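What follows is a single structure, written as structure tokens, with notes after it.
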Amino acid sequence: MLPEEIARRLHAGKPVFGTLVVSTSPRWPEMIRQCGLDFVFIDTEHVAIDRHQLSWMCQTYAAMGLSPIVRIPSADSTWATMVLDGGASGVIAPYVETSQQVRQLRGAVKMRPIKGATLSRMLDGQSESDSLDQYLANVSRQKLLIVNIESVPAIEALNEILAEPGLDAVLIGPHDLSCSLGIPEQYDHPEFLTACETIFRKARAHNVGAGIHYWGNAEEQAAMLERGANLLIHSADIKLVQKHLSAELRQIRHAIGLSDSSPDQSDLAI
């Protein structure tokens with residue numbers, strides 16, 4: 001799915017599905033392409049992917065019609081422009097807590113290549129020329145801006161964050177959010193679920209997409225959509241390989257009468 005179509009669906013409240021891709025193998029894109037996803041999520045905040053690898057991944061997935069959306073290491077406009085120059089279809093900025101951060105990211109994502117004093121004026125609402133305004137309007141439709149909401153201060157500032165123009169979606173980081181709430185990794189805790197519902201509800205009230213990167217089972221993920229999410233990043237390639245490899249090995253051992261000797265499996269907190 002192209003970025004413009006993803007943006008339309010996000011703002012209209014329609015569901016969009018992706019997964020976290022960790023593998024940099026050249027065989028991986030073709031396998032991922034066959035899975036029915038709308039986009040791929042590539043994380044450079046927690047995963048060691050260098051700029052050259054990242055650009056190859058972005059260019060390949062984009063050529064296959066799967067928009068690559070990249071989480072940058074920090075909510076920094078320089079990082080945003082770097083991954084977009086490498087071929088990303090959109091940016092996810094981690095741990096955003098203020099509307100000013102969103103404004104600066106909007107300048108980097110939605111108003112490329114404008115910089116400096118001209119960008120400052122335009123972010124303040126000034127127009128430089130009709131032709132430049134039209135050019136940037138076309139550019140902005142082709143790049144996605146998503147920010148992670150993963151702390152109590154972010155929830156407290158959410159109305160101001162959502163009021164910034166150019167924001168396509170907010171994305172809950174469940175691990176960090178649960179820690180900020182003082183209930184680490186308690187994803188079924190009423191306080192955590194209430195916080196998720198608050199984020200989803202407020203985002204939808206502003207016609208902004210709302211989502212979560214979640215690694216629970218299918219029923220738990222469907223429940224997040226029922227609670228109001230319309231952007232779902234389902235698990236991760238590495239986690240799915242671990243899950244299915246473990247299950248099939250247990251099945252094989254059981255078939256030949258061996259006890260299950262596989263270690264306990266823990267969730268990835270990415």
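The values are calculated or read from the model by the stated rules, or taken from the named source; none is laboratory data. Remember, predicted model here, so these are calculated numbers, not experimental data. In this analysis, Cβ positions are derived from the backbone assuming ideal geometry, glycine residues included, and neighbour counts consider all displayed protein chains. Keep in mind that these areas ignore ligands, DNA and RNA; they rest on the heavy atoms of the full protein, side chains included. Shrake-Rupley method; radii C 1.70, N 1.55, O 1.52, S 1.80 Å.
Below is a table of values for the structure above.
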| item | result |
| --- | --- |
| Inter-residue pairs, beta-carbon under 6 Å, first over 21 Å from Ala75 (Cα atoms) and in the range 35-52, second open to solvent by 20 Å² or more (accessible area, probe 1.4 Å) and outside any helix (DSSP H, G or I), 6+ apart | Leu37/Phe17; Asp38/Met1; Asp38/Phe17 |
| Every residue from the range 131-158 that is outside any strand (DSSP E or B), closer than 13 Å to Val96 by Cα and not acidic (Asp, Glu) | Ser151, Val152, Pro153, Ala154, Ile155, Ala157, Leu158 |
| Sole exception among (1) open to solvent by 30 Å² or more (accessible area, probe 1.4 Å); (2) more than 30 Å from Arg227 (Cβ to Cβ) for Leu123, by number | (1) |
| Residue in the range 90-107 that is farthest from Ser151 (Cα to Cα), counting only those that are open to solvent by less than 10 Å² (accessible area, probe 1.4 Å) and in contact (Cβ under 8 Å) with a residue 60 or more places away in the chain | Gly90 |
| Residues being in contact with a strand residue (DSSP E or B) (Cβ under 6 Å, 6 or more places away or on another chain), open to solvent by 60 Å² or more (accessible area, probe 1.4 Å) and assigned to a helix (DSSP H, G or I) - total across the range 10-49 | 0 |
| Pick from the range 194-229, criterion polar (S, T, N, Q) and either open to solvent by less than 10 Å² (accessible area, probe 1.4 Å) or at pLDDT 95 or above (or both), ranking: farthest from the chain's Cα centre (by Cα) | Thr194 |
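Residue-wise test of (1) within 22 Å of Glu164 (Cβ to Cβ); (2) touching a Pro at 6+ places or on another chain (Cβ under 9 Å); (3) assigned to a helix (DSSP H, G or I).
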residue: Thr60; (1), (2), (3): no, yes, yes
residue: Val70; (1), (2), (3): yes, no, no
residue: Thr78; (1), (2), (3): yes, no, yes
residue: Thr81; (1), (2), (3): yes, yes, yes
residue: Gly87; (1), (2), (3): no, yes, no
residue: Val91; (1), (2), (3): yes, no, no
residue: Gln101; (1), (2), (3): yes, no, yes
residue: Val109; (1), (2), (3): yes, no, yes
residue: Arg112; (1), (2), (3): yes, no, no
